[in-house]
Every structure is written in C-alpha cells, then in structure tokens.
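Heads up, the thing below is written out as structure tokens.
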Amino acid sequence: MQIAWVFPGQGSQKLGMGKDVITLEGAKTRFDFASDIFGMDLFKICEEESGKNNDNDLNNTKNTQICLFLVESILLDALKIRGYNPDFVAGHSLGEITALYAAKVISFESCVSLIKIRSELMSKAPAGSMAALIGFDRDILESLVKNKEDIFIANDNSASQVVLSGKKDTLDEISKELKCKRFIFLNVSGAFHSRYMNEPSERFSEYLDSVNFNEPLIPVISNSNPSFLKDSIQLKQNLKKQMCNGVRWRETMDLMNTVDNLHIVEIGPSTVLGGLAKRHLKNIKISQVSSANTLLYESHE
C-alpha cells in the first residue's frame, strides 16, 4: 500500500482547531514560537471568533495561513512519533508548504517566517474576487475563460469543481453564461493564484532565494507542476510560481492514482481534500487525521 499525506489550505480552518491538537508533543512550544514571530496569541485566534476582517479573526488571511500550518505540522509530527510515515506528500496551496516541511525540505522555523511573508503579501494583494463552481461542462467553461482576459482557473480541484479568480464583474458574467449546479463567491480579499498576484509573487520569490531548501526525504508533488519531485531546486522554483499560477489538484489526484494500492491520508482540520478524492477517484482508501483523538490509520501492514 502506498501512503500519501495531503494537507489542505485556506478555507479548511475551523474555530477550536488549536484545542484539538494542543495536548500533542511540542504543540504549546510551537504556538508560542509562532506567536512571538507574528506578535499575537495564535492559539487564542484559533479559539475565538472576533468578527469579519478583524485583525484577530481566524479567517483573516494573515492569521489563517499560520494557524493552519501549526495545526497540520503538529499533527504530522505526532504521527511520525507514533511510527507513521508517508511514501509521498502533497498540499493544496498553503498546504504545499506543510508538505515541504513533512518531507524535511524546510525547517519548522523557516516555514513560520516564510508564511508570515506570504500571508502579508497576499493580504495586501490587488483587489479581486474568487468564485467556486460545482457541476458544469468543462469544455464550455474553458472556452469562456479562454475568451475573457481577466479570469483564470485558480484551483482545478476535480472534474466537477473549480475555483475561478479575477474581476468581480467578469465573474458575474460567467455566472450568467455558464450553466452549473452551484456558483459561490468566496470571502477572500484578492484574486489569488492568478496573474493579479504577479507583484506579490515576485517579492515572495525574492524572499525564497534566502530560504534554505534541503533535498526531500520523500517525493513532493507541487501545485504548479504536478510530478513526483525529489529535487530541492525544482521544488523552490515551483513554490515561487505557486502564488500566480493555478493549483492543479485534479492532476495531482490523477498522478497519485497512478501508484498501486493508494491510501490518501488528509492531515488537517477539514475533510475537503478527502471529499474531493472520494468524488474524483475510485477504489482508493481515504483516512482523516484532524485532532489528537484521530492519530490512527491503517498503514502498510
């Protein structure tokens, strides 16, 4: 059996997720370390709803990314302590950073600093909108996107779900021109994973040049170019491209499915990636590790 650990990104956060992991090894130390770097009590942010766009709100991009990474990294290291290890890893958007940490490419401390820069840049990104589409004709969608200059497929999540990024007015046009089961505008501040992120992406790339990337212990699948990679230079280049390129998760799942006896383990507070896999793939095993109480899944034996 081949084990894939996958890590979700923004949108999978939930209030109380810090409490779900705080009893695990090193959890309090990690929250304290990151809280010092960010200048705020991140554990408290995980636990309290403070209002839309508030500086202390878990759903504020600057808080969401680091809190998710903390929860995911604590869970994955707790699994390793208990003898669990994956054959390869992948992460959705922010989750790619967790995947790099899981493969020992980037240290925990470097990840925290990197996420601080990334989240600040994304929170100051040019105004834009994103919308999730479910149940549509892909050929018609791709034709519409191709003929509109300011709309991009930000997240190609599965055969029946994508997230578009771009101008609000143009997204409104597509909502009227494309027949789909659901068209949902997302509560985000920018048009992430599109060319509108070019400037923050360039600044993030400059920062990444100063970050040490080690050779991965296991293959990592990147968002911008899904393949089984064990080259630290290429992994850094792919992460540089991530902010202004689409998350190719449908292709990531198809790639994972080329291995025999696939078992996907989603590590994080949601069931988003497991749900996508259930709908997109057949005859695979899926497990969920979301708290100190769920540190168990059927491994290779």
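Scanning region 21-39 for residues that are in contact with a Lys or Arg (Cβ under 9 Å, 6 or more places away or on another chain) and either buried (at least 16 other Cβ atoms within 10 Å of the Cβ) or under 24 Å from THR271 (Cα atoms) (or both) turns up ILE22, ALA34, SER35, PHE38.
Does CYS67 satisfy the criteria of being touching a residue at least 24 places away in the same chain (Cβ under 8 Å), over 14 Å from ILE115 (Cα atoms), of a type outside the set (Lys, Arg) and out of contact with any His (no Cβ under 8 Å at 6 or more places or on another chain)? Against the criterion (touching a residue at least 24 places away in the same chain (Cβ under 8 Å), over 14 Å from ILE115 (Cα atoms), of a type outside the set (Lys, Arg) and out of contact with any His (no Cβ under 8 Å at 6 or more places or on another chain)), CYS67 does not qualify. Of all residues in region 278-301, those being part of a helix (DSSP H, G or I) and in contact with a Leu (Cβ under 7 Å, 6 or more places away or on another chain) number 1. Right, ASN223: crowded, with 21+ Cβ neighbours inside 10 Å, of a type in the set (S, T, N, Q) and closer than 24 Å to ASN85 by Cβ or not? So ASN223 passes the test. Only one of these is touching a Cys at 6+ places or on another chain (Cβ under 6 Å) and farther than 30 Å from ILE233 by Cα: GLY18, GLY39. Name it. Step by step, each of GLY18, GLY39 is checked, and only GLY18 is touching a Cys at 6+ places or on another chain (Cβ under 6 Å) and farther than 30 Å from ILE233 by Cα. May I ask you to say which residue of LYS62, LYS19, LYS52 is touching a helix residue (DSSP H, G or I) at 6+ places or on another chain (Cβ under 7 Å), modelled with pLDDT under 95 and among the charged types (D, E, K, R)? So the residue among LYS62, LYS19, LYS52 that is touching a helix residue (DSSP H, G or I) at 6+ places or on another chain (Cβ under 7 Å), modelled with pLDDT under 95 and among the charged types (D, E, K, R) is LYS62. Looking at (1) surrounded by fewer than 18 Cβ atoms within 10 Å (Cβ to Cβ); (2) assigned by TED's automatic domain parsing to the domain that holds THR98; (3) within 28 Å of GLY83 (Cβ to Cβ), which is the one condition that is false for VAL289? Result: VAL289 fails condition (1) only. Those strands (runs of 3 or more DSSP E) of region 102-186 in which at least 3 residues are surrounded by 16 or more Cβ atoms within 10 Å (Cβ to Cβ), considering only elements entirely within it, cover 129-136, 151-158, 161-166.
Of all residue pairs spaced 6 or more apart or on separate chains, those with beta-carbon atoms under 8 Å, a first member in region 1-30 that is over 21 Å from LEU94 (Cβ atoms) and a second member that is of a type in the set (Gly, Ala, Ser) are MET1/SER299; ILE3/SER299; THR23/ALA292; GLU25/ALA78. Does GLU96 qualify as being in contact with a Phe, Trp or Tyr (Cβ under 6 Å, 6 or more places away or on another chain), closer than 30 Å to HIS263 by Cα and of a type in the set (D, E, K, R)? No: the conditions fail for GLU96.
The values are calculated or read from the model by the stated rules, or taken from the named source; none is laboratory data. Bear in mind that the values here come from a model prediction, so they are computed numbers and not experimental data. Cβ atoms come from the backbone with ideal geometry, glycine included; neighbour counts cover every protein chain shown.
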